[in-house]
Amino acid sequence: MAMSKEIGWNLDNSYARLPKSFSTSINPTPVRSPKLIILNNQVATSLGLNIQELESEDGVAMLAGNQIPKGAKPLAQAYAGHQFGNFNMLGDGRAVLLGEQILSRGERVDIQLKGAGRTPYSRGGDGRAALGPMLREYIISEAMHALGIPTTRSLAVVTTGESIIRETELPGAIMTRVAASHLRVGTFQYVAQWGTVDELRTLADYTIKRHYSDIEANGNPYLSLLQEVIKRQAKLIAKWQLVGFIHGVMNTDNMTISGETIDYGPCAFMDSYDPETVFSSIDIQGRYAYGNQPYMAGWNLARFAETLLPLLHDNQEQAVEIAQDEISNFMELYHANWLAGMRAKLGIFNEESEDEALINGLLSLMKKYQADYTNTFRALTFDRQEDTVLFGTPEFAQWHEIWQARLSRQQESKDSVNQLMRNSNPAVIPRNHRVEAALEAAVEQEDYSVMERLLEVLSNPYEHSTEQAEYSTLPKSITPYQTFCGT
């Protein structure tokens with residue numbers, strides 16, 4: 001296995017050393033004829049991997065699970081989760097964790113193959129993935145990273161040379177996912193439900209050491225863990241809302257303890273501003289609508305807090321009180337992050353008590369006139385009012401006047417205001433019709449050039465280049481858009 005060394009793998013397996021019930025050792029299921037579709041050179045370099053060797057036959061064999069890198073101890077993780085409010089036993093049903101790549105600065109990140117075959121947690125599934133959903137996750141996660149939003153990333157996507165059956169026959173694929181870790185709220189739920197208190201403490205200690213080592217010496221590190229996870233999620237969800245991102249399936253198994261966005265199934269970016277926007281075909285009730293995301297994050301964090309009760313205090317009642325106090329802070333933290341971000345989107349540097357009314361006034365107009373979320377803020381950034389459907393309405397003229405008066409009450413120059421807005425309002429997002437066009441070309445015609453160009457445009461969303469202007473246009477006809485869980 002000299003090839004592993006040449007590629008640059010430097011794997012450890014700390015998760016495999018946790019209690020046996022946390023995971024199942026299992027190798028990926030080999031595939032017929034793997035072919036590299038896309039390799040993320042930036043991610044490969046950050047992992048210390050040799051791009052040329054990854055592109056070789058042996059490298060692609062590893063990305064497909066046909067060869068196991070030296071030092072890997074492949075496993076599938078067990079976890080549970082509330083799926084649309086219903087608690088279930090879950091786990092990696094089609095993903096295999098190869099191990100943790102140790103980076104030059106001592107940091108570790110998970111290397112996981114998604115679509116790598118059946119595991120004990122597959123629950124009747126085939127353990128495989130289709131090319132379209134894997135490329136979709138690649139595109140959206142890269143766009144999120146470029147937008148400055150914490151996210152898992154994709155190292156590569158390979159096709160398997162095998163078909164999978166969904167509604168139709170589709171080309172199979174495997175994605176290599178890179179994550180700070182795959183620890184989820186659902187991981188804690190699994191151990192709290194079926195493990196011992198000692199195992200729960202082991203998991204919490206492992207999490208603290210891996211993600212929050214600065215709190216290890218605190219008087220009650222488990223309380224600090226809860227506080228830190230709440231803080232990170234408050235920042236993350238605010239960032240989602242500020243760019244109009246809709247995750248689609250905010251189940252507790254899809255919320256990471258690290259604060260990264262994970263599991264890009266039926267996700268999409270909002271076009272016309274409407275808090276009730278839902279894209280997921282299975283979210284009939286709108287549980288995970290755009291406007292509900294902060295509340296669902298709070299709900300998920302309450303479930304996380306429940307798992308920590310035995311560690312927070314020996315007395316159950318006091319533990320519950322401690323947990324409730326912390327969870328009650330979430331909305332305030334989220335709101336502070338969101339308000340700060342919205343001020344920046346409008347070029348506001350300081351704070352005034354009327355700012356929230358100003359922001360909500362704009363959002364109300366955007367909803368009333370079905371204004372595009374991203375392009376409205378882009379038009380304001382470059383003072384091109386005529387580029388938004390709000391232009392010409394008396395309400396918008398009045399709002400604009402109040403906003404200009406607000407800007408005049410701060411010391412910063414017009415150039416500073418413009419720069420703040422440029423840095424806070426993306427020129428482009430992964431427009432649904434652009435993503436679908438890229439996927440269709442890739443899956444139907446094996447033409448990856450549409451996707452590659454889209455990825456290039458999305459790689460620097462705050463550049464505001466001429467080319468990006470083309471990608472900011474809306475589709476000729478906006479029909480109700482639906483996405484599906486990437487199974």
Could you grab me the full set of residues in the range 241-261 that are within 30 Å of residue 312 (Cα to Cα), surrounded by 23 or more Cβ atoms within 10 Å (Cβ to Cβ) and among the hydrophobic types (A, V, I, L, M, F, W, C)?
250, 255, 257
Do any strands (runs of 3 or more DSSP E) lying entirely in the range 41-129 carry at least 3 residues that are modelled with pLDDT of 95 or more and farther than 21 Å from residue 172 by Cα, and which ones are they?
80-83, 86-89, 95-102, 108-114
If a residue must be more than 21 Å from residue 443 (Cα to Cα), open to solvent by 20 Å² or more (accessible area, probe 1.4 Å) and in contact (Cβ under 8 Å) with a residue 60 or more places away in the chain, how many such residues does the range 104-152 contain?
8
Of the conditions (1) over 24 Å from the mean Cα position of the chain (by Cα); (2) small (Gly, Ala, Ser); (3) open to solvent by 50 Å² or more (accessible area, probe 1.4 Å), residue 72 clears all except one; give me its number.
(3)
Near pairs, Cβ below 8 angstrom, 6+ apart or cross-chain, from the range 362-387 (in a loop (DSSP other than H, G, I, E, B)) to any residue that is of a type in the set (Ser, Thr, Tyr):
369/393; 370/272; 370/273; 371/272; 371/273; 371/388
When you check residue 161 against the structure, is it assigned to a loop (DSSP other than H, G, I, E, B) and either surrounded by 22 or more Cβ atoms within 10 Å (Cβ to Cβ) or among the small types (Gly, Ala, Ser) (or both), yes or no?
no
Please give the number of the condition residue 358 fails out of (1) open to solvent by 20 Å² or more (accessible area, probe 1.4 Å); (2) within 30 Å of residue 394 (Cα to Cα).
(1)
Which condition breaks for residue 438 when tested against (1) closer than 17 Å to residue 341 by Cα; (2) under 29 Å from the mean Cα position of the chain (by Cα)?
(1)
For the range 302-332, enumerate the residues that are in contact with a Leu (Cβ under 8 Å, 6 or more places away or on another chain), hydrophobic (A, V, I, L, M, F, W, C) and buried (at least 17 other Cβ atoms within 10 Å of the Cβ).
304, 305, 308, 311, 312, 319, 322, 323, 327, 330
Among (1) of a type in the set (A, V, I, L, M); (2) in contact (Cβ under 8 Å) with a residue 24 or more places away in the chain; (3) open to solvent by 10 Å² or more (accessible area, probe 1.4 Å), residue 237 falls short only on (3)
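The values are calculated or read from the model by the stated rules, or taken from the named source; none is laboratory data. Not measured: the values here are computed from a predicted model. With ideal geometry, Cβ positions are generated from the backbone for all residues, glycine too; neighbour counts draw on all protein chains shown. The area values use the complete protein model at the heavy-atom level, side chains included, leaving out ligands, DNA and RNA. Shrake-Rupley method; radii C 1.70, N 1.55, O 1.52, S 1.80 Å.
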